[in-house]
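Below you'll find the structure, written out as structure tokens, and then a few comments.
The values are calculated or read from the model by the stated rules, or taken from the named source; none is laboratory data. Worth saying up front: this structure is predicted, and the values here are computed from it rather than measured. Ideal geometry is used to build each Cβ from the backbone, glycine not excepted, and the neighbour counts take in all protein chains shown.
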Amino acid sequence: MVVKIKELCAVELNICPECGGKIIISSFERTCKDCGLVINEIFGDSSYVFNDKSNKNNLSKQYVALGERTNFIGGLGTFIDFENSKYLKDKSGRLLPPNEQKLYRRLKKNYAQFLRIKNHETEYRVFNILNKISIYLNLNKNIRNVAAYYYKKVLKNEKKVINNISLIAFCIFYAVRKENHNAPITIKEISEAFQNFGHRVNPRLILRDGIKYKHHLNKDSIPHKSEDYIIRLIDNVISHDELEERLVKKGNLWTKQEFRIKITKKCQEILKSLTLKHRGGRNPFILAGATIYLADKLLAREYNHKALLTQKIISEATKIAEYSIRDHYVNLLKPLFIKKL
């Protein structure tokens, strides 16, 4: 007991109970700066939702409540059995008496799904789509919640939106841009995900909503660079079915992992040499694909072997059109890095 009290006192004084080092806050954890011991976790507020009251006081713009989630429309409490079940049972699996059956059926009817989402049918449908798209694109919960937050924020400031589906697609894209831990997702990939679920969303509609509603959101977002995409695109190229065959066919002794390391390093060197003037407002996603093609050619010259990648392989792996890769390579990269012999 005495030891436990001493440890608690040490934590309150921001001193590590193990080595006496200073405690710092890192990634929602209290960690010792010297030995790395995790003292405890810091739990922040789970979610925020907008207050429906039109109060101009800054203190009442947001509130937190049990059962309220940013990306979910529903009421408090739990559900009573399954949706279409006719006979209700207790925790032991025994049927309830007739009087209790009548009581709980009435409660279940009064708490039906329609009453829980009444006056929020559109938001309920949009958030269901958001959850499906997040799983399909393998986005983390933080991106999903931020996208829902942006959607509610736009609805709060706009009396009527043009298209709720394209708006949530833009909110996903904008939330992805704000995320620093995951590889960024392009507008084209988001629109294709919506189309796979039967929604007529294309990049033009997402850009239209971005131009119209972006002023309601934070304006401090930083545009992505080719460096942000390069790791993900190289992974796609390394996973291409023909790469193993190309390594054997060209007589290359590298393994896939060795090739990944070398081409990643070469791509980073190329992109480091490209200034903003060289890039000239070009699409960073396409430029990243063309950089991989150039890096393979430079490695071939450096190690005196034949190039492994073709424009077709890179196009199939990255979903970038061949002519786009060729255009960026011929008009931008080749004059800068491929010297005439």
I need the full set of residues from segment 258-270 which are surrounded by fewer than 19 Cβ atoms within 10 Å (Cβ to Cβ) and within 26 Å of the chain's Cα centre (by Cα), in order please. R260, I261, T264, K265, Q268
Within segment 169-183, is there a residue that is of a type in the set (S, T, N, Q), within 17 Å of the chain's Cα centre (by Cα) and buried (at least 20 other Cβ atoms within 10 Å of the Cβ)? no
Would you please name the residue that is modelled with the highest pLDDT, looking only at residues in segment 282-326 that are out of contact with any helix residue (DSSP H, G or I) (no Cβ under 8 Å at 6 or more places or on another chain) and among the acidic types (D, E)? E316
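If only one of A295, A288 is farther than 12 Å from T318 by Cβ, of a type in the set (G, A, S) and surrounded by 17 or more Cβ atoms within 10 Å (Cβ to Cβ), which one is it?
One residue alone meets the criteria, A295.
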Condition check: closer than 25 Å to K312 by Cβ and not assigned by TED's automatic domain parsing to the domain that holds A295. Does E258 satisfy that? no
In a loop (DSSP other than H, G, I, E, B) and at negative phi - does that describe any residue in segment 201-211? yes
Output for Cβ contacts, cut-off 8 Å, separation at least six or different chains, first residue farther than 15 Å from V176 by Cβ and touching a residue at least 40 places away in the same chain (Cβ under 8 Å) in segment 204-219, second surrounded by 14 or more Cβ atoms within 10 Å (Cβ to Cβ) and basic (K, R), reads H216/K153
Kindly indicate the residue of segment 297-318 that is over 15 Å from D241 (Cβ atoms) and assigned to a loop (DSSP other than H, G, I, E, B) and also farthest from the chain's Cα centre (by Cα) among those meeting that condition. N304
Test S273 against the stated conditions and say whether it is surrounded by fewer than 16 Cβ atoms within 10 Å (Cβ to Cβ) and farther than 13 Å from I230 by Cα. yes
Would you confirm whether or not segment 139-160 contains a residue that is within 20 Å of F285 (Cα to Cα) and either surrounded by 15 or more Cβ atoms within 10 Å (Cβ to Cβ) or of a type outside the set (G, A, S) (or both)? yes
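Residue-by-condition table, conditions (1) at pLDDT below 85; (2) closer than 24 Å to K319 by Cβ:
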site	(1), (2)
K132	no, yes
Y150	no, no
K159	yes, no
A169	no, yes
A183	yes, yes
D220	yes, no
P223	yes, yes
Which residue pairs have Cβ atoms under 9 Å apart, sit 6 or more places apart or on different chains, and have a first residue in segment 222-235 that is among the aromatic types (F, W, Y) and a second that is assigned to a helix (DSSP H, G or I)? Y229/P284; Y229/F285; Y229/L287; Y229/A288; Y229/G289; Y229/T318
